[in-house]
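Engineer: A single structure is presented below for examination.
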There are 2 protein chains.
Amino acid sequence: MSVDGYIARRDGSIDWLSTVEREGEDYGYKRFIDTVDTVVLGRNTYDSVLGFEAWPFLGKRVVVLTHRPASARHGEKFFSGKPEALLEQLGKSGAKHVYIDGGTAIRGFLATGFVDHLTISVVPLVLGSGIPLFAEGISERSLVLEESRAFSTGLMQLRYRIGSRAKERKAVASTAATPRGSVPRR
Amino acid sequence: MSVDGYIARRDGSIDWLSTVEREGEDYGYKRFIDTVDTVVLGRNTYDSVLGFEAWPFLGKRVVVLTHRPASARHGEKFFSGKPEALLEQLGKSGAKHVYIDGGTAIRGFLATGFVDHLTISVVPLVLGSGIPLFAEGISERSLVLEESRAFSTGLMQLRYRIGSRAKERKAVASTAATPRGSVPRR
């Protein structure tokens, strides 16, 4: 996200990410994505990814959150229910490490209390306006800073473990089969 | 600020900052404030500071931005004009290093293009709602990450140098007497 908390311009464009693009520097993305078996994408993020030269999630189970019609091009599935229901399904079918991407998707999953890591990459830029990563209405949560890394481009990567909300601790414990989600953000 | 960008709860309370309070750890505040000769406070921040046990800006010139009536208790001055006008006055009267605090004040001064450093302390907490540090309408700016420091409490301090907006570079150069401002944030 930008220093002021945006993940895209108002029109969805992410051209400003090019300010931290460097040949040979993926900011740990490959190492991370290799640990992921399931990718959950918001619809807008999915539509962006479809425009990439190559499908970046080859060999992974991909679920796209959408209420609008869509047809799979790379074996992806579409889902229009609640995050909790999806996580239960994924857990039953063996998912271990779920990666969630897209602003609305991230906010929805953060609200469930089942996401246990949040990786934020802060791009050294004030955008001034755009689509925010966070929005009002997520419950208060304490985080534990597990790792921080400053890159030579000025990108700052912060990895947090997310504490459970007190009232949810029982629910989390009773759904141990549910895969825990991670939310890396470029 | 919190990870989701708030500097206070909706009612202005900053009780959540206590999660990173540690005996003997001031996160570099004293070292920083000793370099500052002039403090500019927003009215809400000023009103909070008045509730502190001791006036924390003894020996410094303090200017409070407000349109509402107020009477000085510690030699502070009140100002209701534009940030640019205040910076010009301060520059003429010898101010060298101005520290700006308070959400509205920070946003107003960031918009002028005369602030050259931004220090953000990210508290490991998602608040969910509150008063944001940034707001829509600040112009796009590139930043340079000059320093980052992770503390054992999980507080992450990021110090950025702020680039000028291209169209303002001439104005900045022609007002070299104007003091440059710094904006540390707890």
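The values are calculated or read from the model by the stated rules, or taken from the named source; none is laboratory data. These figures come from a predicted structure and were not determined experimentally. Quick reminder, even Gly has a Cβ in these numbers, built from the backbone with ideal geometry, and neighbours come from all protein chains shown. In case anyone asks, the SASA skips ligands and DNA or RNA and just uses the protein heavy atoms, side chains included. Shrake-Rupley method; radii C 1.70, N 1.55, O 1.52, S 1.80 Å.
Engineer: All but one of (1) under 18 Å from residue A:125 (Cα atoms); (2) modelled with pLDDT under 90 hold for residue B:142; state the number of the condition that does not hold.
Structural biologist: Unmet for residue B:142, out of (1) under 18 Å from residue A:125 (Cα atoms); (2) modelled with pLDDT under 90: (2).
Engineer: Right, next: Which residue out of A:140, A:136 is facing chain B (nearest Cβ under 8 Å) and either touching a Ser or Thr at 6+ places or on another chain (Cβ under 8 Å) or crowded, with 21+ Cβ neighbours inside 10 Å (or both)?
Structural biologist: A:136
To keep it simple, each residue is scored yes or no on (1) over 22 Å from residue A:2 (Cα atoms); (2) within 12 Å of chain B (Cβ to nearest Cβ); (3) modelled with pLDDT under 95; (4) touching a strand residue (DSSP E or B) at 6+ places or on another chain (Cβ under 7 Å).
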residue	(1), (2), (3), (4)
A:104	no, no, yes, yes
A:107	no, yes, yes, no
A:113	yes, yes, yes, no
A:123	no, yes, no, yes
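So that you can scan it fast, the table gives a plain yes or no per residue for (1) crowded, with 16+ Cβ neighbours inside 10 Å; (2) within 22 Å of residue A:81 (Cα to Cα):
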residue: A:5; (1), (2): yes, no
residue: A:11; (1), (2): no, no
residue: A:29; (1), (2): no, no
residue: A:65; (1), (2): yes, yes
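Engineer: I'd like the residue in the stretch A:144-156 that is buried (at least 18 other Cβ atoms within 10 Å of the Cβ) and in contact (Cβ under 8 Å) with a residue 40 or more places away in the chain and, out of all such residues, is nearest to residue A:113 (Cα to Cα).
Structural biologist: Only one residue fits best here, namely A:155.
Engineer: Which pairs turn up if I take residues in the stretch B:103-114 that are open to solvent by 30 Å² or more (accessible area, probe 1.4 Å) and look for partners that are among the β-branched types (Val, Ile, Thr) with beta carbon separation below 8 Å, at least 6 apart in sequence or on another chain?
Structural biologist: Sorted first by the residue in the stretch B:103-114, then by its partner, the pairs are B:107/B:138; B:111/B:138.
Engineer: Tell me, please, whether a residue that is of a type outside the set (Phe, Trp, Tyr), within 14 Å of chain B (Cβ to nearest Cβ) and either open to solvent by less than 50 Å² (accessible area, probe 1.4 Å) or within 30 Å of residue B:20 (Cβ to Cβ) (or both) can be found in the stretch A:76-98.
Structural biologist: Here is the first cut: in the stretch A:76-98, the residues of a type outside the set (Phe, Trp, Tyr) are A:76-77, A:80-98.
Pick out the ones that are also within 14 Å of chain B (Cβ to nearest Cβ) and you get none.
No, the stretch A:76-98 contains no residue that is of a type outside the set (Phe, Trp, Tyr), within 14 Å of chain B (Cβ to nearest Cβ) and either open to solvent by less than 50 Å² (accessible area, probe 1.4 Å) or within 30 Å of residue B:20 (Cβ to Cβ) (or both).
Engineer: When residues of the stretch A:1-47 are filtered for being polar (S, T, N, Q), in contact with a strand residue (DSSP E or B) (Cβ under 9 Å, 6 or more places away or on another chain) and more than 15 Å from residue A:100 (Cβ to Cβ), how many remain?
Structural biologist: 2
Engineer: Looking at residue A:7 and the list (1) in contact with a Leu (Cβ under 7 Å, 6 or more places away or on another chain); (2) away from chain B (no Cβ under 14 Å); (3) of a type outside the set (S, T, N, Q), which single condition is not satisfied?
Structural biologist: (2)
Engineer: Condition (residue is away from chain B (no Cβ under 14 Å), open to solvent by 60 Å² or more (accessible area, probe 1.4 Å), of a type in the set (Gly, Ala, Ser) and farther than 29 Å from residue A:155 by Cβ) applied to the stretch A:17-25: is it met by at least one residue?
Structural biologist: no
Engineer: Of everything in the stretch B:131-161, what is of a type in the set (S, T, N, Q) and within 19 Å of residue B:2 (Cβ to Cβ)? Give them in sequence order.
Structural biologist: Selection gives B:148, B:152, B:153, B:157.
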